[in-house]
Each structure stands twice: as C-alpha cells, then as structure tokens.
Amino acid sequence: MRRQRTTLLAVSTLLTITLTAAPTPASAQSAPQPRQVTNLTVHQADGYATLAWTPVDDATDYQIERTAVDTDGTPTAAPTIVGIWRPNRQINQQAPTFADSGFNPGDTFQWRVRARTGTTEQPYSDPVTGTTTAPWGNPDTPGQQLRTQWETTHAAQYTSDTDEYAYTAAIDALSDRVRVVELGRTVQNRPINMLVIGHPTPATTPEAVAATAPVAINCNVHGNEPGDREACLIMARQLAFSTDPRITDLLRHTTVLIVPTINGDGRANNTRGNSTGQDLNRDYSLIRQPETAAYITMVRDYRPVAGYDGHEFGNSRAGDLPMLPPRHQNVAQPIFDQSQDMIEGHMYAKGAEAGWWPCPYGCEGGGNVGLSEETILRNTLGLKNVTNSLLELRSSGGQTRPDEGNTANNRRRKTYSALWTFQQFLDYHRADRADILTSRADAIKIQAANTGRLVFRGSRPIPAHPAPHPGDSPPPLDATPANLILDNAPCAYKLTDAQYNGARTDGPGGVGTTVAQRIAAHGWKVITTTDGYYVPLNQPERGLIPLLLDPTGVEKLTDGERVYPTLTGRRNGPLTVTGFTCAANATINGPVTVRAGAALVTTGTTISGPVTATRAAGIMLADSTVNGPVQITNTTDAVSIIDVTIAGPVSLTGNTTGTDLPLLAGSTIRGPLTCTGNNPTPTNLGVANTVHGPRTTQCAAL
Amino acid sequence: MPQPATAARHPRRRTLTLIASTLLLAACTGTPRTPDASAATPQVTGPLCAALPTGTDPGNPTFLASQPVEAALRWIPTLTTFEAALRTSGVLDDLPAGTAVTVLAPTDDAFAATFSEDNWDDLMTHHTDQLRTLLKAHLSTGAHPIDDLSTAGTTTTLDGATITVTRTGATTRLADRADTVCADYQATNARIHLINAVLGPLPATADGTGHRAH
C-alpha cells in the first residue's frame, strides 16, 4: 500500500475533448451541399470516440469514415468505412451518435460522415481530426502505469492467468482502495479472485462490505468469451488509482466487487465450459462445480444489490450490447422492474449519448435465447433479489462495423464497449441506489410472504418498442407451460437424511457436494427436527427453493416432500408447538409456546398473545403480526423475522445457529429490542427495521 | 485518461507519441517484443495477413521469427482455438526436441464453422485421443515454406494422412478443402501457415445457426 501522491494530475474519465469540424475558408463561404452532413463533432473517451452530427432529411442510414493521419494531418492509410449508423441504434433518432472504436487508443485520425438515401451516397461532412485517448493511466504514476497483457500487446493476446494474478496483485499492493480476495479454486486449482474496491479503503469483512450495498461484476464465465474480462481489468485500475471526483464519489458510496475470471480453466483452454466441460452459466442454482459454488457463496456473504454478467454473442445482427434482466417468473416483480429500468431507463438513454447500441438480448434474429433457466446467473441473481443484467458483446463486427475483420479492432471494440457499460452500471447504482434498495427490500418481503403461484420455468415478457428503436426486437415470449405451474405453494420442503446428507455424483470426477452444503452456500435456512430437514419457503429466496427441491423442478437437486400448512383459520386458546408447525393465513388467539426441538413457521398470520420459544429448532415468521411480546431463546437452527409487526418487546437471546445468521428484517417492533449472546450476530440483510424502543448492542444497527 | 489533461502539464508529450508508447511498453510486465533486427524478414502472404499484426505491431511476423513455435502461435490473434487445443493436447511437447515442424493452423472462424461449441468443449475436455489425432492432421515434420509444399504436391501429416497441396493463384489449397489465408509465418525451426478450414477426419457438427444462448 502506498500513499496517494499529491502531485497526481487531475484527470477525469468524464473529461472529453470535443473537436468540431473546422471549415476550410472555401467551404466556410459556401453553404453545405444538399443532404451533406453538418456539425460533425468527435468526443474522445476511453477506447472510443463519439461522433455526433445534425441529421439529414430522408437519410436511410449514415456511413462513418475514419482515416489514420500523422501529426500534420496527412493521411497515413486509406480511408475506411468503419461504421454504419441505422435508426434502430438509439432511442432518439433526431440526435444521431456513433461510438467509433477498435482503433489503437492514442492514435490520431480524421473522421467524416455521410448520409445515404436508399443506396445513394450523399456528400461527406467536413472532416474532423483528433487524437484518441491513450490507454488509461499516466505512464509516470505508480499504479496508473500498470497495463494488462492485452493492452501491451495491442490486443494481439488476451491477458493470461498468470498475468492477471500479477496485475491484480500489483493493484492490491499499490492501492489502499483495493483488496484482492480468493473466493475459491477452479477444478484445476486456479485461484478465483475478487477485487474488493472501496474508498478510502474497502470494508474489512464480507458483512461490513454487505452493509455498503455493493455491486458485483462477473467478468468471464465462458472461457471463450474474454472481452468483458479485459474491460474489468482496465476498470479495476481506473477505480484503484483515478483521482477523478466521480470515481472517488462512487467508491465512497458503495463497494465494487469485480470477479475477473470465475472460469480460469476454461479461459486457459479457450473453452466455453470449465475443465469438466460443464457450462458454468447452467450451474448457478445447482452449483455442482467449485467455480459456481464460489460465486454463489460470495453472493451469500457479500450480498451485492446489483450485478452484471459479461458474455459475448455470436448473432451478427444484434446491437453492440445486448442486455437482459432476470426474467424468470419467480423473480419478484420489483427486481424485474428495477433491472429493466437499469437497461431501458439508463443504458438505452446513455447509449444514445455515447453512441453505443444496447438492445434487448436476442435483438434482431436472436432466436431462442434469453429464457428462464434458473441455472443462468442472470436468473439466479434475480431470484436472490439482485437487480442485474446479462451483458453480451456482439462477437463479430456485424453489419454496422465493417472494419472488424481485423482481430485487434474487433477485440478492442468489444472490450471498450464493455468498459463503457460497466462504468455506466456504477453510475446507475450511484444515482438510483435508493430505488435499488427499495426494490430489494420489497422483493425480500414479497418472497418471504410466500404468496402466489410458483413456476418452474417461464419468463416475464420483455415489451417491444415501436420500431425503429433499440428495443424493437425483444427475445421470445417464453410463457410457462401449465404443467410447470404450482398454484398452491407449500409451506416448506422436507428432505430425508439420505437426500440432505447423502453422497452425490454430480460434481467433477463424479463427486458432488451434498445437498446440505449447497443449501448452505445459497444461504437458506434449514430446520432439523426428529423427522427430517425442513426448508421453509418464507425466506428471501422463496422463488429459487422449489426449483431445486420440488419434484416438478426441471433441473432440481432432489425430490423434496411438499409440506403444507397445518394451522389455518382461527384458533383460540393456548398453543404449544411440538414438531414442525406451519401456520398460514391463521388467526391465533392465545399464547404460543414452542417446545425444545420444535419449529414454528408462519405467513399471513396474526398471533394475539406472547410467543415464547426456548431451545426451539427454528422460529421463522414472515408477513405476520404478533400482538404481544416475542422471546426467542437458545434456538439451534434458524431464526428469521421478516416483515412482521410486533406490538411488544422482542428478545433474541443465546441463539446459536451455526453459520446461519439470525435474520430480523423489514419489521416493525413497538417495544424494546434486546439481542444478547447470539452466535452468530443477527443481521437485517440491509432491510431496515422500525423499532419504537431501545435496541441493545447486537441489534443496535438493525 | 483524456489527452488534454496530460498535454496541459506536458505540452511536449503530444509530439512525442513514439516515446510515450515506448514508455508504456517498458512499464509493462510482458515479454520484450522489440523485433530482433538480425532475424530474417519473413514475407507472409495471403488475404488475412493485413488484418494481423504487421510492421512494428506487437506480434509482427519479423518478431515471431525469433520465437519458439508455441510462443509464436500465441501471438497470432486468429488462432486462439487452435493454439489452446495444441497446448491442451500436448502434441507438440511429444515431438523429439529440435524437431522442425510445419503447422497448418486453422483460424478461429474455421473451427467455429466446423464444430459446434458443445462438440468442441467435449473434444477439449473428454476426448483427448480424438483431439490429438485432429491436431496431428495439422502438423508435419520439417519447416516447409508453402511453395515447397505445393511444389512437392503432397505432404504427409503426423496423423499419417497424405494430403494434396496445390497452388491456386495467390493462395494454396490443401486437401481440396482448405486455403491458406496467411502463409509463411516463421518461428524457430518452424513454418506456420494459416488456413481457412479444419483438416482431419472428424465430422462437422456446426449447424451454421451458430450462436449459443448466454
């Protein structure tokens, strides 16, 4: 770690050069020719240049020409058409922009733009000459001077595993803002690292990071799709060393989690899957592989509230940046809506400013893509209440970037478009953080209430915008077939010991972790009683649980037994709970006592009277009301209180729930809250409680 | 970092682009890539050559001429599939030390047009023997310029197959199905010819519709 130098240049990624066409004296005296493009401007940014111009009446499209020039402006290469602007690129066709990219950053070029009416080429605009932005970081400033292998080889080589480790270790050593942690190892024992980035320093524990509402970028799951990973490595350097007030402001308000390479074995071998051939983006729910298990465990511990997942996409007709929210119908509506807002509200609008072309995944001719498999990170994260999106980088130049037969040009366009997206993602989180957190809190409450049908496959529709528009070709509808709908959701799934702890063969080399280990990695609460292992659905990841434990699950872990509520309707008089008791939409008038080793699970239930549990196996209350004191002592397995109104004092004392955190979230307590001697310490998952009374140490921050 | 902020403090930098890029390179941790002036200047030929590193670009043909063949293959951007397969299979490592070799290297596009992504992953992760046979169909002993191969008319690859080599105008056709797209890269004790189709006996599995869902 080194101190920041006070002599750093005041650099800014927001700062851009604007060069405007300087008419020659001759053309200055004459009006533009008919249908000639006018007012061409070129803004330089990291790895791309944004061209903007005044639109021409009746233009069908525009061609962007770039010519390499020397410092005197003399051409050093033939003019090349590098871009085709089409009206479906952006939401506001009346202010056309195009992000030219692929050139070697730092080189100098001259640009011209012309309209075409039909296939008729109209006159070129006056030229604009500019020097493009060199790779980020002052070469004389320690830290900033670091470069990836991809940068130093001018994109001829991707950054190798060893170069990545050296590069991230150097960032860690030179920046107080960065800590590199190892999340796990690949099948072939490569480290899976994560950069934890905050200002002035990142919070020290996962729980403390979680309290900052972090964002997570998964850069490279498919080994043969490495473009996003290079962007992540460059962005890590910018975040670590930039003195731009925008960057330091971002990092003061969150923690950025960057996982450059979850699939190091696949990257080294340039394969889509990992070294066992498993497509890891079909494994985030099942977590059969160590790579996905590492990521999901990270999500449990660091609790990112927003995410991006980087890919490349072979559809040559797609936009620059196909994106897609978590569509699975079990994803809570606020998370779907927030993710759509990030894509359509932010990325489409900012893309139109910068000249990039985001679009819904699939885009034109996308085919059978963008569906509801919960094994896909996009959906898994959505089911975990994370606002997020898939990001694709169109693999080929396609129809709108004809100069990408040159591999380096193609690779640079992809990486710098990903860099733009990830930076925009951080800006979105910064600007909309409150909304993101509200959506997350609402989603957690909705899920824990365990209401509404469950679907095992099936997507929410992505609405089509009237053409021309970036969103005029959404992915397929993907409605749920009737046999994959469960209208009557159970209260819990019960697993036998063989199901829960039995040996499995679905991992690398025919050895899988147990269901117990995978449920623990997801962070679900489990209650053990004398007759089995119960996984209640009144939890924040209610939509994901049945997909793995219900017999109807399409890609499930095991066939759990559906357990339905045992207590519904009105009940008067004292209630003593033994065994596993589930109350749903019940009204209980009388004191409730939960015996040692027993469990009480409620949703939609009102209890009038005290609730007392001593040495219970589990107490899980959601979307319920308790008119009376709640005293939960020495619980052994699970404590969870979500969206519960309690009129009376609440005491959580001496609960020892192993690695599972007691949960008190989104609830209102009209009385004092006492939390002492609990191990581990209770958490609120970032969903604040309202407490009308004093709170003791362990719950002081809840 | 935008140029003007730098330029404001260091007005001379904008005219010293070459020096600045040298500093950039010197600051990095990669291998040295200054061309070895003493090496012969290889003349690569074919329609793809212009889209690959040229002149003084990192990975240019002159620099590669001084590199071991494994390193040279890593520098050619369109060979990521072939290079990784060769490395994974260990076929080159099995050759006796000092064996001169000719590499007929299919481009990434050629692999994508031949194997579905699932099939390719399966070959890479589960069928090493098939993969090795496939790769041997792209290797022969002796460092042969492409014109020597076409003059001979045939060449025998390490899988035991003998394939035809025919000059067809500006490029050269191999086994009646692959054309050179950039021939005559040199590396230490090696020649590398980039070709646009996969050789060998494995059936094509790509269906042309191409893109896998994320």
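The values are calculated or read from the model by the stated rules, or taken from the named source; none is laboratory data. Worth saying up front: this structure is predicted, and the values here are computed from it rather than measured. Positions of Cβ are backbone-derived with ideal geometry, glycine not excepted, and every protein chain shown enters the neighbour counts.
How many of the residues in segment A:297-332 are modelled with pLDDT under 95 and basic (Lys, Arg)?
Result for segment A:297-332: 1.
Assess whether residue A:325 counts as being touching a Ser or Thr at 6+ places or on another chain (Cβ under 7 Å), over 16 Å from residue A:221 (Cβ atoms) and more than 14 Å from chain B (Cβ to nearest Cβ).
No.
Which ones in segment A:137-162 are in a loop (DSSP other than H, G, I, E, B) and either without any contact (Cβ under 8 Å) to a residue 12 or more places away in the chain or small (Gly, Ala, Ser) (or both)?
Of everything in segment A:137-162, those that are in a loop (DSSP other than H, G, I, E, B) and either without any contact (Cβ under 8 Å) to a residue 12 or more places away in the chain or small (Gly, Ala, Ser) (or both) turn out to be A:137, A:139, A:140, A:143, A:145, A:153, A:155, A:156, A:157, A:160.
All but one of (1) surrounded by fewer than 20 Cβ atoms within 10 Å (Cβ to Cβ); (2) under 24 Å from the mean Cα position of the chain (by Cα); (3) outside any helix (DSSP H, G or I) hold for residue A:165, so report the exception by its number.
Of the numbered conditions (1) surrounded by fewer than 20 Cβ atoms within 10 Å (Cβ to Cβ); (2) under 24 Å from the mean Cα position of the chain (by Cα); (3) outside any helix (DSSP H, G or I), the odd one out for residue A:165 is (3).
Search segment B:54-67 for residues being surrounded by 22 or more Cβ atoms within 10 Å (Cβ to Cβ) and closer than 14 Å to residue B:183 by Cα, and hand back the single one that is nearest to the other protein chains (Cβ to nearest Cβ).
Taking the candidates together, the pick is B:64.
Against the definition (of a type in the set (D, E, K, R), away from chain B (no Cβ under 13 Å) and within 25 Å of residue B:112 (Cβ to Cβ)), how does residue A:291 come out, yes or no?
Criteria met by residue A:291.
Looking for something under 30 Å from residue B:75 (Cα atoms) and within 14 Å of another protein chain (Cβ to nearest Cβ) - is there at least one such residue anywhere in segment A:108-125?
So far as segment A:108-125 goes, yes, one or more of its residues are under 30 Å from residue B:75 (Cα atoms) and within 14 Å of another protein chain (Cβ to nearest Cβ).
Working only within segment A:599-624, note down all residues that are of a type in the set (Val, Ile, Thr) and either surrounded by fewer than 17 Cβ atoms within 10 Å (Cβ to Cβ) or part of a strand (DSSP E or B) (or both).
Result: A:601, A:602, A:603, A:606, A:607, A:611, A:612, A:614, A:619.
Those residues that are assigned to a loop (DSSP other than H, G, I, E, B), among the charged types (D, E, K, R) and either within 22 Å of the chain's Cα centre (by Cα) or surrounded by 22 or more Cβ atoms within 10 Å (Cβ to Cβ) (or both), I need them from segment A:438-477; list them, please. Even if it seems obvious, please write down each step before you answer.
Step one: filter segment A:438-477 for residues assigned to a loop (DSSP other than H, G, I, E, B), giving A:449-453, A:456-458, A:460-477.
Right, trim to among the charged types (D, E, K, R) and you get A:453, A:457, A:460, A:472.
Correct list: A:457, A:460.
Go through (1) touching a helix residue (DSSP H, G or I) at 6+ places or on another chain (Cβ under 8 Å); (2) at pLDDT below 95; (3) within 10 Å of another protein chain (Cβ to nearest Cβ); (4) within 18 Å of residue B:105 (Cα to Cα) and name the single condition residue B:33 misses.
(4)
Hey, among A:443, A:467, which residue is within 28 Å of residue A:584 (Cα to Cα) and touching a residue at least 24 places away in the same chain (Cβ under 8 Å)?
Numbers: A:467 fails: within 28 Å of residue A:584 (Cα to Cα).
Just one listed residue meets the conditions, A:443.
If I filter segment A:555-598 down to residues being in a loop (DSSP other than H, G, I, E, B) and among the small types (Gly, Ala, Ser), which single residue comes out as farthest from the chain's Cα centre (by Cα)? It would help to see each step written out before you state the result.
Let us first name the residues in segment A:555-598 that are in a loop (DSSP other than H, G, I, E, B), namely A:555-560, A:564-566, A:573-574, A:578-579, A:590-591, A:595-598.
Filter once more, so that each one left must be among the small types (Gly, Ala, Ser): A:560, A:573, A:579, A:590, A:596-598.
On the way: A:560: 30, A:573: 48, A:579: 39, A:590: 45, A:596: 41, A:597: 39, A:598: 38 Å.
Here the answer is A:573.
Which residue, of A:419, A:426, is within 14 Å of chain B (Cβ to nearest Cβ) and at pLDDT 95 or above?
Answer to the check: A:419.
Looking only at segment A:92-102, filter to residues that are buried (at least 22 other Cβ atoms within 10 Å of the Cβ) and part of a loop (DSSP other than H, G, I, E, B); which one of those is nearest to the other protein chains (Cβ to nearest Cβ)?
Ranking the qualifying residues of segment A:92-102, first place goes to A:102.
Taking segment A:216-237 only, how many residues are assigned to a loop (DSSP other than H, G, I, E, B) and either among the aliphatic types (A, V, I, L, M) or in contact with a helix residue (DSSP H, G or I) (Cβ under 6 Å, 6 or more places away or on another chain) (or both)?
4
Identify, please: which residue in segment A:234-254 is under 28 Å from residue A:158 (Cα atoms) and β-branched (Val, Ile, Thr) and is, among those, farthest from the chain's Cα centre (by Cα)?
Among those that are under 28 Å from residue A:158 (Cα atoms) and β-branched (Val, Ile, Thr), it is A:243.
Taking residue A:32, is it modelled with pLDDT under 95 and either of a type outside the set (Gly, Ala, Ser) or within 30 Å of the chain's Cα centre (by Cα) (or both)?
Here the answer is yes, as residue A:32 does meet what is asked.
Going by the conditions given, is residue A:209 touching a Phe, Trp or Tyr at 6+ places or on another chain (Cβ under 8 Å) and either part of a helix (DSSP H, G or I) or closer than 28 Å to residue A:412 by Cα (or both)?
In short, yes.
If the Cβ limit is 6 Å and pairs must be 6+ apart or interchain, which residue in segment A:209-234 that is buried (at least 24 other Cβ atoms within 10 Å of the Cβ) pairs with which residue that is assigned to a helix (DSSP H, G or I) and among the polar types (S, T, N, Q)?
A:221/A:281; A:227/A:415; A:230/A:415; A:231/A:415
Could you please let me know if residue A:369 is at pLDDT below 95 and of a type in the set (Val, Ile, Thr)?
Yes, satisfied.
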